[in-house]
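Engineer: Could you have a look at this structure, given as structure tokens, before my questions?
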Amino acid sequence: MTLGPTGYDAKGTSVKLQDGLIRLTAPNPSPMTYRGTNTYILGKKELVIIDPGPNSKSHLHNLIETIPPKSKVTHILITHSHLDHSELAPDLSRILDAPTFAFGKALDGQSKQMNNIVKMGLKYEPIGVDHSFKPDYFLKDQEKLVSSEWEIIAHHTPGHLSNHICYQYFDYLFTGDHIMDWSTSVISPPEGDISQFMNSCEKLCKHNWKKFYPGHGFPVESPNKRLMELMHHRMTREAEIINILRETEATISQITKSVYSDIDKNLITVASRNVKAHLIDLIIKKQVQVDDISSDNALFSLI
């Protein structure tokens with residue numbers, strides 16, 4: 001095992017996280033993906049691969065080379081249909097002759113309330129969404145996958161994306177992009193949904209987790225504490241937006257500049273998506289109204 005200067009895997013190397021669990025990080029670092037997308041290999045003889053990652057030849061090569069000898073990949077699990085998590089799945093499935101599992105296609109699991117917002121004119125923003133991915137098997141919430149070595153429980157956790165699933169292994173949870181330590185989850189409506197995100201967090205809070213293994217970054221060592229932090233962060237952000245609208249009607253851009261006054265300019269677009277997510281959620285809650293939901297320059301105001 002080779003570690004980089006910060007204790008993270010060096011490019012193209014694997015890290016043993018615990019007995020029977022290996023992490024391999026794809027070479028796709030960015031402000032959105034941190035050091036890259038984490039692919040996990042669980043098991044010893046009967047293996048599960050969680051989140052194959054982006055369509056990268058080097059990552060595919062490293063992943064196949066990392067698979068222990070005399071073992072068989074029986075399941076390929078995808079947390080959600082963003083390209084950096086699911087794009088490699090079809091090729092990997094074909095090469096390893098292993099089926100893919102997910103909640104469904106990218107927009108499966110979208111709420112009725114968000115569907116209604118789309119009918120009002122809210123445009124889809126398919127940046128990074130893998131609309132071509134369709135799993136071999138569609139998982140249900142709380143469905144179990146079992147082998148002689150492991151048992152995995154699927155938890156449907158929409159919010160970041162409507163088909164997002166977290167995978168439970170004992171008291172450990174593979175959280176995809178739902179929960180990370182280095183960043184909050186980006187929520188971009190209508191593909192993402194703040195209310196669904198909060199409900200998913202509340203659902204996970206009912207379990208006393210030992211550790212989270214996220215789609216990007218280091219393991220989350222205090223998982224239940226992190227869940228509470230993220231829920232508090234979202235509630236605080238909502239309150240900030242409401243306070244701005246108490247003073248005046250405003251556009252997404254104006255609210256973003258006020259709320260994220262000290263943010264890196266390279267992340268302002270991402271920040272505006274989160275602001276938009278809160279505003280759409282407040283429309284669903286009948287606390288906010290908008291003059292033209294299809295316009296980027298729409299004016300939002302309190303009801």
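No value in this document is a laboratory result; all are computed from the given coordinates. Every value quoted in this text rests on a predicted model; they were computed, and no experiment measured them. Using ideal geometry, Cβ is built from the backbone for each residue, glycine included, and neighbour counts are taken over all protein chains shown.
Engineer: Just to be sure I understand the rule: take each whole DSSP H helix in the chain, project its Cα atoms onto its long axis, keep it if the span is 20 Å or more and its mean Kyte-Doolittle hydropathy is at least 0.5. Which ones pass?
Structural biologist: Span-like helices here: 268-284.
Engineer: Still on this model: Please tell me which of these pairs span more than 29 angstrom C-alpha to C-alpha: LYS57/LYS112; LYS44/LYS144; LYS45/LYS210; LYS72/LYS225?
Structural biologist: Working: LYS57/LYS112 39 Å; LYS44/LYS144 19 Å; LYS45/LYS210 24 Å; LYS72/LYS225 36 Å.
Listed pairs above 29 Å: LYS57/LYS112; LYS72/LYS225.
Engineer: While we're on this one: What does the charge dipole of the chain about its Cα centre add up to, to the nearest 20 debye, if the Cβ of each Lys and Arg holds +1 and the Cβ of each Asp and Glu holds -1?
Structural biologist: It works out to roughly 380 debye.
Engineer: Below 16 Å, Cα to Cα, which lysines can LYS265 reach? Residues fewer than 8 away in the same chain don't count.
Structural biologist: Leaving aside lysines fewer than 8 places away in the same chain, those within reach of LYS265 are LYS257.
Engineer: When a/c is below 1.5 the answer is rounded, else prolate if a/b is larger than b/c, else oblate, so apply that to the range 14-239 with a ≥ b ≥ c taken from the square roots of the Cα gyration tensor eigenvalues.
Structural biologist: Working: a/c = 1.64, a/b = 1.37, b/c = 1.19.
The shape class here is prolate.
Engineer: Starting with the highest mean, order 177-184, 14-21 by the number of other Cβ atoms within 10 Å, averaged over the residues of each peptide. All intermediate terms of the calculation are to be shown ahead of the outcome.
Structural biologist: On the way: 177-184: 20.2, 14-21: 14.8.
The peptides rank, most packed first, as 177-184, 14-21.
Engineer: I'd like to compare 148-158, 213-223, 71-81: which one has the highest average count of other Cβ atoms within 10 Å, and what's the full order after that? Could the numbers behind the result be given before it?
Structural biologist: Details: 148-158: 18.9, 213-223: 20.8, 71-81: 22.8.
Final packing ranking: 71-81, 213-223, 148-158.
Engineer: Show me 189-201, 99-111 ranked by packing, highest mean number of other Cβ atoms within 10 Å first. List each step's numbers first, then the result.
Structural biologist: Values: 189-201: 22.4, 99-111: 20.4.
In decreasing order of mean packing, 189-201, 99-111 become 189-201, 99-111.
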